[in-house]
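**Q** Below are the structure tokens for one structure; questions will follow.
The values are calculated or read from the model by the stated rules, or taken from the named source; none is laboratory data. This structure is a prediction, so every number in the text was calculated from the model and none was measured. FYI the Cβ positions are ideal-geometry reconstructions off the backbone, even for glycines, and counts take in every protein chain you see. Accessible surface areas use protein heavy atoms only, side chains included; no ligands, DNA or RNA. Shrake-Rupley method; radii C 1.70, N 1.55, O 1.52, S 1.80 Å.
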Amino acid sequence: MSTMRRAILIKRETVAALVAVTVLAGLAGCAEIRPPDPEAAARLADLRTELEETRVLVAYQKKRKKEAVARGENPDQYDNAKALKEEDRFKRIWAAQRKIAFDTFYKRYEKLAGDVVNHCAVASASDPQDWKIDKCVLKQPEPVYDPLKSAGVTLAALLLAIAGIGLYRQGRRSIDVVALSAGDLGLKAHQGRQTTKLDGQYKDFTVQVEASAPEAGSGDRFVRVHVLSGVDSGVVVRFGPLAPPTGLELPDLDAPEVRDNRVPPGYKLRISEGASAEQLLKGDVGFQIREFDPVDVRVHDGMLTVTTWFLVTEPAQVVELVDLTIAVAELYPAA
């Protein structure tokens, strides 16, 4: 493609972006949004808060195991999460955390449009899942527009759009936690429109990291880590949700299904004969995997891929995910 052709395409894309931002900003400025009923916002906040209990329980379980190690005891005595859930100590912790979480969600939901809150409450009642609610509340409300105000607001929006595009290009990398983690990992970053990619050598493994663009909605965000060397080519593992949150390409691996009461609800485990899944279900690796729920682990053809839809908010979490993936790879080393 010639230089002139590329320049024309870039110009067209810039103009299209300006027009889109201008129209949306202009319409938003003229719209009336009806606030939600306080009871509806409270119901949705209560529903979302209950889904935080598992995350708090996992953190509590991890803490109890660390305390056991410090006392010289066997940490496996705290494998039963249901028993830990009944401890008075956990109940006190959860009661305090629940109030904090409810207040946070309620303050967020009471600022949304009433039709969005009502829709999300109804849609999540039969099958409440945290990522579904977080994605639902990002939906645009049904506004009522005032055409008399459109001209003035649109003009102001156009000026803001021109300035915003420049700021966006400068600031995009600063909000991309995956790109920011490249320095800590010693990997090379490539920032594209749809994804951010890292690649290179890390801890003697060939590693690739792929993530959604930083501006993607929370329900569409993902981070996946590939280990392309040092993995047993004869092992097949598939551990993850029965229905992964997004339509990412995931290989359909053929291996015997493992029935184990330690497999989390809504998850499936398949593993080839002769290989062990013990460390995926217990121990430090198993507990770290749960912290990135929902998470998918697949080992096949001498490579390993760990994908998470957990909302990663800082570079340190990306480094932690890569370290976890390396730890899983070390469970299935190449001969």
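**Q** With a 1.4 Å probe and all protein chains left in place, how much accessible area per residue does the stretch 230-315 have, in Å²?
**A** I get 47 Å² per residue for the stretch 230-315.
**Q** Percent of accessible area on the stretch 32-112 owned by carbon and sulfur, 1.4 Å probe?
**A** Answer for the stretch 32-112 is 53 percent, counting heavy atoms of protein chains only.
**Q** Continuing with this model, one more query. Return the whole-Å distance between the Cα centroid of the stretch 189-213 and the Cα centroid of the stretch 262-335.
**A** 18 Å
**Q** Starting from the coordinates of the alpha-carbon atoms of the stretch 166-293, obtain the Kirkwood hydrodynamic radius over all distinct pairs and give the value in Å to one decimal.
**A** Hydrodynamic radius (Kirkwood, Cα only) of the stretch 166-293 equals 16.9 Å.
**Q** Carbon and sulfur atoms: what percent of the 1.4 Å accessible area of the stretch 263-314 do they account for?
**A** After summing per-atom areas, the C and S share lands at 45 percent.
**Q** Could you tell me the distance between the Cα centroids of the stretch 50-68 and the stretch 104-125, to the nearest Å?
**A** If you average the Cα positions of each part, the centres end up 28 Å apart.
**Q** Once the Cβ-Cβ distance between Lys111 and Val69 is put in as r, and R0 is 51 Å, what FRET efficiency do you end up with, to the nearest 0.05?
**A** 0.70
**Q** Still on this structure, please answer the following. Mind scanning Lys65/Lys203; Lys65/Lys99; Lys62/Lys203; Lys132/Lys282; Lys62/Lys282 and naming the pairs with a C-alpha gap bigger than 19 Å?
**A** The pairs that break the limit, which is 19 Å between Cα atoms, are Lys65/Lys203; Lys65/Lys99; Lys62/Lys203; Lys132/Lys282.
**Q** How large is Rg/Rh for the stretch 62-120, to two decimals, with Cα atoms and a Kirkwood Rh?
**A** 1.26
**Q** Could you tell me which of rounded, prolate or oblate describes the stretch 194-250, using a ≥ b ≥ c as the square roots of the eigenvalues of the alpha-carbon gyration tensor, with rounded for a/c under 1.5 and, failing that, prolate when a/b is larger than b/c and oblate otherwise?
**A** Oblate shape, in that a/c is at least 1.5 and b/c is the bigger or equal ratio.
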